[in-house]
Amino acid sequence: YLAFGQSNMEGQGDIGNEDKNVDERFQLLWSADAGSCNQGASKGKWIKATPPLAHCQGAKLGPADYFGRTMVEKADSKIKVGIISVAVAGCSIKLFDKDNYKSYVSSQQGQSWMIQRINTYGGNPYGRLIEMAKKAQEDGVIKGIIFHQGETDAGDGNWPSAVKKVYDNIIKDLGLGNDIPFLAGEVLRSGVSAGANNNIAKLPQQSKNFYVVSSEGFNQALGDGQNVHFPAEEYREFGKRYAEKMIE
């Protein structure tokens, strides 16, 4: 499964002791350059999917963690579940537009923290996602995509079609079939970017393969002063919701 997006997909929840105990059947293909925060992680290498999954620039616990754990629980004991995670806090969907990402990166040069995250993916997060996905296809089958992004683009009415363009590129670049599910999680309903849910609600109009994962009942913003992130316990539950939707 491919996982991509912005800060909520990076994961902002504190990693607890319970989160460090991971089934060997849940694997992560490390996609960032430096894996010093995750023991044994190096680019393009499968490791046990211990958080953080995205990178070492501030990623913590996110929805992909308990998505994978739940998928493993529900799958036949012979099946392994792999995740490829590429996420950059604060980014627009434009960062994943392979035709126009360079101009977007240029426009963000003043945001050194974001550039640092982009650079851990070789300056091209979409390109790194595809590179790692092709490597993963040597070992298994890509079954779906989970996505959490949109806060930065909450005011952009063209966002749903921009997401569809990225999806279409992924399908084409990886030679995937026309039945790959794409699951987009809602943003924090009580948060400053709550309006993004209006855009997210329109995604299923873009493709029969697009589904929305509800954030209903997640009303407790992470206490980081930003009012856009979920606390760890809600990321755990959110991941389970993604998995339940994927299984469905």
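The values are calculated or read from the model by the stated rules, or taken from the named source; none is laboratory data. From a predicted model like this one, the values you see are computed outputs, not experimental measurements. Ideal geometry is used to build each Cβ from the backbone, glycine not excepted, and the neighbour counts take in all protein chains shown. The accessibility values were calculated without ligands, DNA or RNA, using every heavy atom of the protein model including side chains. Shrake-Rupley method; radii C 1.70, N 1.55, O 1.52, S 1.80 Å.
Observations on the structure shown:
- Criterion violated by residue 229 - all others in (1) part of a helix (DSSP H, G or I); (2) open to solvent by less than 10 Å² (accessible area, probe 1.4 Å) satisfied: (1)
- Residue 241 meets the conditions (1) more than 17 Å from the chain's Cα centre (by Cα); (2) modelled with pLDDT of 95 or more in every case but one. The failed one is (1).
- Residue pairs meeting the criteria (Cβ under 6 Å; at least 6 apart or on separate chains; first closer than 17 Å to residue 67 by Cα, in the range 211-228; second surrounded by fewer than 18 Cβ atoms within 10 Å (Cβ to Cβ)): 215/189
- Of all the numbered requirements in (1) without any contact (Cβ under 8 Å) to a residue 60 or more places away in the chain; (2) part of a helix (DSSP H, G or I), residue 208 misses one, and that requirement is (2).
- Any hit, the range 64-76, residues being part of a helix (DSSP H, G or I), under 16 Å from the mean Cα position of the chain (by Cα), more than 26 Å from residue 199 (Cβ to Cβ) and among the aliphatic types (A, V, I, L, M): yes
- Residue within the range 26-40 that is hydrophobic (A, V, I, L, M, F, W, C) and free of Cβ contacts under 8 Å to residues at least 24 places away in the same chain present: yes
- Taking (1) surrounded by fewer than 16 Cβ atoms within 10 Å (Cβ to Cβ); (2) assigned to a loop (DSSP other than H, G, I, E, B); (3) of a type outside the set (Lys, Arg) in turn, residue 115 satisfies each apart from (2).
- Count of residues meeting criterion [open to solvent by 40 Å² or more (accessible area, probe 1.4 Å) and not hydrophobic (A, V, I, L, M, F, W, C)] in the range 118-170: 18
- When residues of the range 193-226 are limited to those that are under 25 Å from residue 16 (Cβ atoms) and among the small types (Gly, Ala, Ser), the one least open to solvent (accessible area, probe 1.4 Å): 215
- Count - residues of the range 208-248 that are hydrophobic (A, V, I, L, M, F, W, C) and under 22 Å from residue 198 (Cβ atoms): 8
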